[in-house]
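Single-structure report; data block below.
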Amino acid sequence: HYHKIHLSNIRHDLQILLRPLSASLGSYTYKDILPVIDSGRRTVIFVKKIVDGFRVFLYLRSHMTKFSDRASRIRLYNSLGSFTGYNRRTAEMMRDPMSKLRIVIATDTLANGSNFPFIEDVIMLDEVVDPDELIQKAGRAGRSAAVQNPRAIVYFSPAAFTDAAKILDGGNLEGVKK
C-alpha cells in the first residue's frame, strides 16, 4: 500500500481571467489596467523587469490625480528596494488592513515566500509560459478568508492569442513561439 500526498497552491475560490493586452509593455501606455485605480481592491501587478515596473508605476501614478495621497496608494516592490528598507515598508503596508496602499507593482521578488493576506487581485502583465509560475503568482491573492472574490488576471499579447488559436485549430504552427 502507498499514499500519494499532493500539496498545491491552487485556491479553489480564485477566479483566473485571461485578457488581451492592447499594447506592449515597452509602449509606456497601459490603458488596459487603468481600472485598477478606481477599483479600490488591493492589487499586485507582476512584471518581469524592474524597468517595466517603473514604467507601469509612473503611468498609473500619473492617472491618480484625484488622490492627494498617491504616494501611500501605489508602490514598487523589486530587488532594488531590498537594500534601502523600501520593500520592508511596502510589506508592512500590505499586511496592514487599515493601510491606504492599493497597488503594488512587483517583480518576481514578491512571488515566492511572501504572505500578504489582504491581496484581492493579482495582475500578470508579462506572458506566463510556466503553469507553476502562474499558480505561484496567482496564489498571492485571497490568502485571507476576509478577501471576497479573489482574482488573477493574466494579460497576453494579441500574438499569443493568435498562436493559441492556431494550436487549438491544429493549423499551421510555423512562426509560433515554443
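The values are calculated or read from the model by the stated rules, or taken from the named source; none is laboratory data. The shown structure was predicted, so the numbers you read here are calculated from the model rather than taken from an experiment. Cβ atoms come from the backbone with ideal geometry, glycine included; neighbour counts cover every protein chain shown. Only protein heavy atoms, including side chains, enter the accessible area calculation; ligands, DNA and RNA are left aside. Shrake-Rupley method; radii C 1.70, N 1.55, O 1.52, S 1.80 Å.
Before moving on, here are some points about what is shown:
- Sole exception among (1) in contact with a Lys or Arg (Cβ under 6 Å, 6 or more places away or on another chain); (2) more than 18 Å from Val36 (Cβ to Cβ) for Pro131, by number: (1)
- Inside the stretch 130-163, residues that are in contact with a helix residue (DSSP H, G or I) (Cβ under 9 Å, 6 or more places away or on another chain) and β-branched (Val, Ile, Thr) make up a count of 2.
- Residue match in the stretch 93-103 (condition: surrounded by fewer than 20 Cβ atoms within 10 Å (Cβ to Cβ) and at pLDDT below 80): no
- Positions within the stretch 9-32 being modelled with pLDDT under 70 and open to solvent by 70 Å² or more (accessible area, probe 1.4 Å), in sequence order: Asn9, Ile10
- Looking across the stretch 121-169, the residues that are among the aliphatic types (A, V, I, L, M) and either over 12 Å from the mean Cα position of the chain (by Cα) or at pLDDT below 80 (or both) come down to Val129, Ala145, Ala146, Val147, Ala159, Ala160, Ala164, Ala165, Ile167, Leu168.
- Top-ranked residue of the stretch 71-84 - restricted to ones that are assigned to a loop (DSSP other than H, G, I, E, B) and at pLDDT 90 or above, ranked as nearest to Lys49 (Cα to Cα): Asn78
- Selected residue (only one of Thr43, Thr90 is touching a helix residue (DSSP H, G or I) at 6+ places or on another chain (Cβ under 6 Å), open to solvent by less than 40 Å² (accessible area, probe 1.4 Å) and among the hydroxyl-bearing types (Ser, Thr, Tyr)): Thr43
- Hits in the stretch 61-83 - residues which are hydroxyl-bearing (Ser, Thr, Tyr), open to solvent by 60 Å² or more (accessible area, probe 1.4 Å) and in contact (Cβ under 8 Å) with a residue 12 or more places away in the chain: Ser82
- Number of the condition not met by Lys48 [criteria: (1) in contact (Cβ under 8 Å) with a residue 60 or more places away in the chain; (2) closer than 24 Å to Val147 by Cβ; (3) open to solvent by 30 Å² or more (accessible area, probe 1.4 Å); (4) not hydrophobic (A, V, I, L, M, F, W, C)]: (2)
- Boolean, Glu127 is open to solvent by 40 Å² or more (accessible area, probe 1.4 Å) and in contact with a helix residue (DSSP H, G or I) (Cβ under 9 Å, 6 or more places away or on another chain): yes
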